[in-house]
Structure formats: C-alpha cells, structure tokens
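*Asks:* Quick one: the structure is below, questions incoming.
The values are calculated or read from the model by the stated rules, or taken from the named source; none is laboratory data. Values in this document were obtained by computation on a predicted structure and should not be read as measured data. So basically every Cβ, Gly included, is an ideal-geometry build from the backbone, and we count neighbours across all protein chains shown. Only protein heavy atoms, including side chains, enter the accessible area calculation; ligands, DNA and RNA are left aside. Shrake-Rupley method; radii C 1.70, N 1.55, O 1.52, S 1.80 Å.
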Amino acid sequence: MTNIAFIGLGNMGLPMAKNLLAADHSLRGFDLAEEARASLEGAGGQAFSTIAEAVADADVVVSMLPSGAIVKAVYEGDDGVFKNAKAGALMIDSSTIDVTTARDVAQEAKAHGFDMVDAPVSGGVGGAAAGTLAFMVGGTAAAFAKASPVLEPMGAKIVHCGASGNGQAAKICNNMVLAISMIGVSEAFNLGRSLGLDDQTFYDVAANASAQCWSLTSYCPVPGPVPASPANNDYQPGFATALMHKDLGLAMEAVASSGANTPMGHLAAEIYATMNDEGHGGVDFSGVIKHLAGTL
C-alpha cells in the first residue's frame, strides 16, 4: 500500500482516485470544490482543505488539473507541492498542458530533489471510471519505473515516451490526429448522405476498407453503427469540443515553437475553434459532423 495524495478531483481526477483506493492504496486528496472533497471521503479517501496538508505525508503526489498555469501554481506556490511534500516523494502530473510548462515544472522538481513524470491520458471520463486509460509518460527511466505501479490501477496501457515533456508531446500529437480523422470521417458521411448513400451501408464498406480508423469504428459520428458512440446519445460528451479545442490549441503552440508544418492540424484547430466559439463547447467533438453540415 502506497500513501498517495491526489490533487484535482474533477470529472477525471475523482474516478482515477477511486481506482487507486480500489487497489488498496491510502488516498489523501485536495480540490477547491467542497463537493469533490466530500465525494472522495464518501469513497473512503481522506480529504484536506489545503494542498500542503494533503501532500504532507504522501509517498506519491498525483495531479489532474485544467491548465499549465494551474499546474505551475500547484507545484511551485508557497502552499504548493514542492515546499510541503516530504523528501523523496514522486510527482506524477496527469494534466494535459503545454510541453514547455511540463518541462519547466519537471526541472523545478529536480531542483527540489523530487523525481517527476508528466503522464497525460487518453480515454476520457469513461476510461477514468473503468481504469482503462492510456498513459503517455515523460521523464527519466528511473522515474517511470517508480510511477508505473501507481498508474497501473488507473490504466490499461502505459507507455514511456522519453524525457520530461514527451508525454505531453505524445498526447497533443495523438489528439491532433484524432481531430483530423474525425473531421475526415464526418465529411465522408455527409458526402455519402448527399449522394443518397445510407449511413450503415457506408459504415459497412469503410469499416472493412482502407478508411477504417478509430474515429469510424470505435467512435462513429453517426447514430446506429457503433451503439456506444455519443452520436447515439444526442452527442452528449465523452470528450467535449471545448477539450478538443484546448488540446489543439496546445498543439498549435507546439507547432509555432517547433516550426513543424501541420496544415491539416491548423485547419482542424480552426474548425473546432469556430465550433467552440459558436457556443457548442459542451457538445461531443464528434458533433463536428453536424457543424460541418450546418445543422448544429
């Protein structure tokens, strides 16, 4: 049993923390929301009203936070992790943030004598609840080896992506592909409909041909072919447009700093930015099919 502090008990963090409790770890938690802290205690964890209290006796600190600025404040602030965690504690940040901030915070952790990995996830709220997340981990081999047993109860796939920040790099590259492929699949369904092609018929062809991809066969943007996809629930989000917009923004920041040429990535970012700006941030990102058709 490991004594773990979990910072950030939101839609992703709380179910992740519950899976650590189910694996018989001791769980201490902090969140600004009283309701989230109460939910943790209801699941058998111990909630605290400050970060300093939550991390004081923890062997491992895990965080799931909404932005790089908040990650930096949580770890580097006076009431933060670095100034209050015990010597030798391991830091795991599972937030999705920009690569530069991830590397800066990891460097600061090293200066304070802590090992740290960035470990963003793929799999959404459903994967967090089921313990089937995919973790993309950046950090030293030694830190990855220490982090893996903590990540295992929360995930089905854990990949070491290299040095600090590379977990974030893998996440934004993956989600850029996801956005582009979802737009492509959606355009194809819309074109097929305009030509009189039945959705199920096109799915049956494409799912067994060269167009096969996750956006088609696991997360189909039209109702019917994949019953578990959000299209069958009026596009209630498994992964909201606002989150895809955020991730593509991070990808475009990385493009600007690296000089990579990503014309399709830029176009995808523009499409999801427009969708978000028009007030559809709470729609699942597969709802882009309706946005492209002008029916959202």
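*Asks:* Mind telling me which of V62, V137, V205 comes out most flexible in a GNM of the chain, alpha-carbon contacts under 10 Å?
*Replies:* V205
*Asks:* Within a Cβ distance under 12 Å of T132, other residues only, what is the Lys/Arg minus Asp/Glu net charge?
*Replies:* Details: positive: K157; negative: E152.
So the surrounding residues net to 0.
*Asks:* Run the numbers on the chain and let me know its relative contact order in percent, using alpha-carbon pairs under 8 Å that are six or more apart. Could you put the intermediate results ahead of the total?
*Replies:* On the way: 559 pairs, mean separation 37.1, N = 296.
Answer for the chain is 13 percent.
*Asks:* Net charge near S39, counting Lys/Arg +1 and Asp/Glu -1 over other residues with Cβ under 11 Å of its Cβ? Please report the intermediate quantities before stating the final value.
*Replies:* Details: positive: K18, R37; negative: D31, E34, E35, E41.
Once all neighbours under 11 Å are counted, the net charge is -2.
*Asks:* If you wrap a convex hull around the C-alpha atoms of the range 113-244 and split its volume per residue, what is the figure in Å³?
*Replies:* Numbers: hull volume 16.0 nm³, N = 132.
Considering the Cα atoms of the range 113-244, their hull volume per residue is 121 Å³.
*Asks:* Using a 1.4 angstrom probe on the protein heavy atoms only, line up K290, K18, K110 by accessible area, largest first.
*Replies:* Values: K290 60, K18 90, K110 145 Å².
Sorted descending by solvent-accessible area, the residues read K110, K18, K290.
*Asks:* Then there's this: DSSP beta bridges in the range 101-221, what fraction antiparallel, as a percent rounded to 5? It would help to have the intermediate numbers written out before the result.
*Replies:* Details: 3 of 9 bridges.
Just about 35 percent of them are antiparallel.
*Asks:* For each pair in K157/K246; K110/K246; K86/K171; K110/K146, compute the distance between the two Cα atoms and list the pairs where it is over 21 Å.
*Replies:* Numbers: K157/K246 24 Å; K110/K246 28 Å; K86/K171 30 Å; K110/K146 15 Å.
Check vs 21 Å cut-off fails for K157/K246; K110/K246; K86/K171.
*Asks:* What are the semi-axes of the equivalent ellipsoid for the range 194-282, taken as the square roots of 5 times the Cα gyration tensor eigenvalues, largest first, in whole Å? Walk me through the intermediate numbers first.
*Replies:* Details: eigenvalues 153, 61, 27 Å².
In descending order, the three semi-axes are 28, 17, 12 Å.
*Asks:* How much accessible area per residue does the range 119-269 have, counting only protein heavy atoms and a probe of 1.4 Å, in square angstrom? Show your work: numbers first, answer last.
*Replies:* Values: 6730 Å² over 151 residues.
So the range 119-269 comes to 45 Å² accessible per residue, rounded to a whole number.
*Asks:* Once neighbouring chains are kept in place and the probe is 1.4 Å, which whole percent of the accessible area of the range 60-99 is contributed by carbon and sulfur?
*Replies:* Details: 770 of 1300 Å².
C and S fraction of accessible area: 59 percent.
*Asks:* Let me ask something else. At 1.4 Å probe size, put R193, R37, R28 in order of accessible surface, largest to smallest. Show your work: numbers first, answer last.
*Replies:* Values: R193 110, R37 50, R28 25 Å².
Sorted descending by solvent-accessible area, the residues read R193, R37, R28.
*Asks:* How big is the Rg/Rh ratio for the chain, C-alpha atoms only, Rh by Kirkwood, two decimals? Intermediate results must be reported in sequence, preceding the final value.
*Replies:* Working: Rg = 20.1 Å, Rh = 19.9 Å.
Radius of gyration relative to Kirkwood radius: 1.01.
*Asks:* What part of the accessible area of the range 174-263, given as a whole %, is carbon or sulfur when the probe is 1.4 angstrom?
*Replies:* Values: 2590 of 4480 Å².
Of all accessible area on the range 174-263, carbon and sulfur atoms account for 58 percent.
*Asks:* Using C-alpha positions alone, give me the convex hull volume of the range 17-138 per residue in cubic angstrom. Don't skip to the end; give the middle numbers.
*Replies:* Values: hull volume 12.3 nm³, N = 122.
It comes to 101 Å³ per residue, whole-number rounded.
*Asks:* Oh, and also: Could you report the accessible area of D104 in Å², rounded to 10, computed with a 1.4 Å probe on the protein chains as they sit in the structure?
*Replies:* We get 80 Å² for D104.
*Asks:* Also, quick follow-up: With every protein chain left in place, what is the accessible area per residue of the range 1-42 in square angstrom, probe 1.4 Å?
*Replies:* Working: 1880 Å² over 42 residues.
For the range 1-42, the per-residue accessible area is 45 Å².
*Asks:* Against the longest principal axis of the chain, how steep is helix 99-111, in degrees 0 to 90 to the nearest 10, with axes from Cα atoms?
*Replies:* In the chain, helix 99-111 runs at an angle near 10 degrees to the longest axis.
*Asks:* Which of the peptides 148-156, 171-179 is most tightly packed, and how do the rest follow, going by the mean number of other Cβ atoms within 10 Å of each residue?
*Replies:* On the way: 148-156: 18.8, 171-179: 21.9.
Result, highest mean first: 171-179, 148-156.
*Asks:* Report the accessible area of F189, computed with a 1.4 Å probe over the heavy atoms of all protein chains in place, in Å² rounded to the nearest 10.
*Replies:* It works out to around 0 Å².
*Asks:* Leaving ligands, DNA and RNA out of it, work out the accessible area of K72 with a 1.4 Å probe and give it in Å² to the nearest 10.
*Replies:* In the full protein context, K72 sits at about 80 Å².
*Asks:* In the chain, what percentage of the DSSP-assigned beta bridges are antiparallel, given to the nearest 5?
*Replies:* 15
*Asks:* Return the calculated 222 nm mean residue ellipticity for the chain, to the nearest 500 deg cm²/dmol, obtained by summing -39500 (n - 2.57) across DSSP H runs with n ≥ 4 and dividing by the residue count. Each step should come with its number before you reach the end.
*Replies:* Working: 14 runs with 146 residues, N = 296.
Calculated mean residue ellipticity at 222 nm is -14500 deg cm²/dmol.
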